[in-house]
Amino acid sequence: MANLRAIRTRIKSVENTRQITKSMKMVAASKLRKTQAAFGNLRTFSERCAEMLEEVSAGVKPCDSPFLQPRNHPGAVCYVLIVGNRGLCGTFNNSLLRYLEEQARQESREQFLVVCGRWGKDMIAGTGLRVEKTFEISDTPTAAEARALSAWLRQLYLDGRAEEVVLVYQHYRSVLSQVPARKTLLPLPKKGDAGRECRFLFEPDRESVLKRLIDLYIDNTVHSVLLESRTGEHSARMTAMTSASDNTDELIGKLTLQLNHARQAAITTEISEIVGGADALKNKQ
Amino acid sequence: MDAISLHVLTGDGPVLEQTVEAVNLPTAFGSIGVLKGHAPMLCNLEEGVLRCRSSQGTLRLFIGSGIASVEHNEVNVLVSAASLLEE
């Protein structure tokens, strides 16, 4: 009988776990919809911004903006690591950290980290890379959060504390697949062809328009990468929780079978005991 | 009469998409009016009030700093923030 009770307790606890994983799955799904919508909203903005930059970049020289020219003096590399806010999302955070470690090994220059997200302070400290600053980024990053981060990164670059700023994040392929990726934020990749004539008027002048546009472009890049990473996090969590719920269903099935076996065995023993007892009485008479 | 398509976009999504007759953009050196057939232009916008006039009336938006492009009777306004001002 003790065995029966143990199995019943086990089933109960698995059912509780299932309830938790199911609700986490639903929460992740709703957050995923929200970030996907925000990502969609940003897309038009990004496209327009890139179009404008393309126009202005015609005939632009690297000396026109400090963000376009590579730094002359050797400096440090700043990795902006965008991890999740929580765990329980499969290998999402861990694989990113492994990717970062691999990148860091191949790099000979001095390097440091800027972390975005609450996950794994100890794990990140374990890599041995210095963490310069940590940014709190919500589950659906807003433009204002992205601006705060990119303004800080721009200043870092202008101060010469970093000669290269690299975003390390999970690239969102689909709900089921995210791959670690890196994107160089600063200096900006070279664009435009020098010979093209620009047909736009500028107000107040070309330099200030270019400066404003580059700022906007950097803000926008940071925002879209943050959103992409969060979209990946939510979908990774949703996938992980779906498979966890499926596992609990399977486990409950197995345990129920075990319970029935044990119950049947108990009943059989009881009957054979009664029959045995009756037989013994009959023999006595 | 309404010939200009105006798009006001922020990083958090589009705020206004409308066909209008005239747009008034706030810049550092005063406001710039844009009417049908304006030459292609890129201009820096400063915080202020953007006005647009259409056959349905005049709309006012408070916008943060950003940039605007004018080309082929299409005005794209990319700003840090924007909200419609009530009458």
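The values are calculated or read from the model by the stated rules, or taken from the named source; none is laboratory data. Keep in mind the model is a prediction, meaning the values are calculated, not measured. Neighbour counts are summed over all protein chains in view; Cβ atoms, including those assigned to glycine, are modelled from backbone coordinates with ideal geometry. Note: accessible area is taken over every heavy atom of the protein model, side chains too, but ligands, DNA and RNA are not part of it. Shrake-Rupley method; radii C 1.70, N 1.55, O 1.52, S 1.80 Å.
Tabulated data for the structure shown
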{"item": "Residue check for B:Glu46: touching a residue at least 60 places away in the same chain (Cβ under 8 Å) and closer than 25 Å to A:Arg206 by Cα", "result": "no"}
{"item": "Some residue of segment A:120-140 being touching a helix residue (DSSP H, G or I) at 6+ places or on another chain (Cβ under 9 Å), assigned to a helix (DSSP H, G or I) and open to solvent by 10 Å² or more (accessible area, probe 1.4 Å)", "result": "yes"}
{"item": "Selected residue (only one of A:Lys254, A:Lys211 is open to solvent by 40 Å² or more (accessible area, probe 1.4 Å), more than 25 Å from the chain's Cα centre (by Cα) and either within 30 Å of A:Ala151 (Cα to Cα) or in the same structural domain as A:Phe67 (by TED's automatic domain parsing) (or both))", "result": "A:Lys211"}
{"item": "Residue in segment A:59-72 that is open to solvent by less than 20 Å² (accessible area, probe 1.4 Å) and assigned to a loop (DSSP other than H, G, I, E, B) present", "result": "yes"}
{"item": "Test: B:Ser69 is under 16 Å from A:Phe200 (Cα atoms) and hydroxyl-bearing (Ser, Thr, Tyr)", "result": "yes"}
{"item": "Single residue of segment A:99-119 satisfying the filter (loosely packed, with under 12 Cβ neighbours inside 10 Å and not small (Gly, Ala, Ser)) that is farthest from A:Gln178 (Cα to Cα)", "result": "A:Arg109"}
{"item": "Filter pass, A:Tyr172 being in the same structural domain as A:Val222 (by TED's automatic domain parsing) and within 23 Å of A:Met238 (Cα to Cα)", "result": "yes"}
{"item": "Residue match in segment A:151-169 (condition: part of a helix (DSSP H, G or I) and in contact with a Cys (Cβ under 7 Å, 6 or more places away or on another chain))", "result": "yes"}
{"item": "Wholly within segment B:16-62, strands (runs of 3 or more DSSP E) carrying at least 2 residues that are within 12 Å of another protein chain (Cβ to nearest Cβ) and open to solvent by 20 Å² or more (accessible area, probe 1.4 Å)", "result": "B:30-34"}
{"item": "Options A:Thr221, A:Thr242, A:Thr268, A:Thr231: the member that is within 40 Å of the chain's Cα centre (by Cα) and either without any contact (Cβ under 8 Å) to a residue 24 or more places away in the chain or surrounded by fewer than 19 Cβ atoms within 10 Å (Cβ to Cβ) (or both)", "result": "A:Thr242"}
{"item": "Qualifying residues in segment B:63-87 (those that are within 14 Å of another protein chain (Cβ to nearest Cβ) and of a type in the set (D, E, K, R)) - the one least open to solvent (accessible area, probe 1.4 Å)", "result": "B:Glu71"}
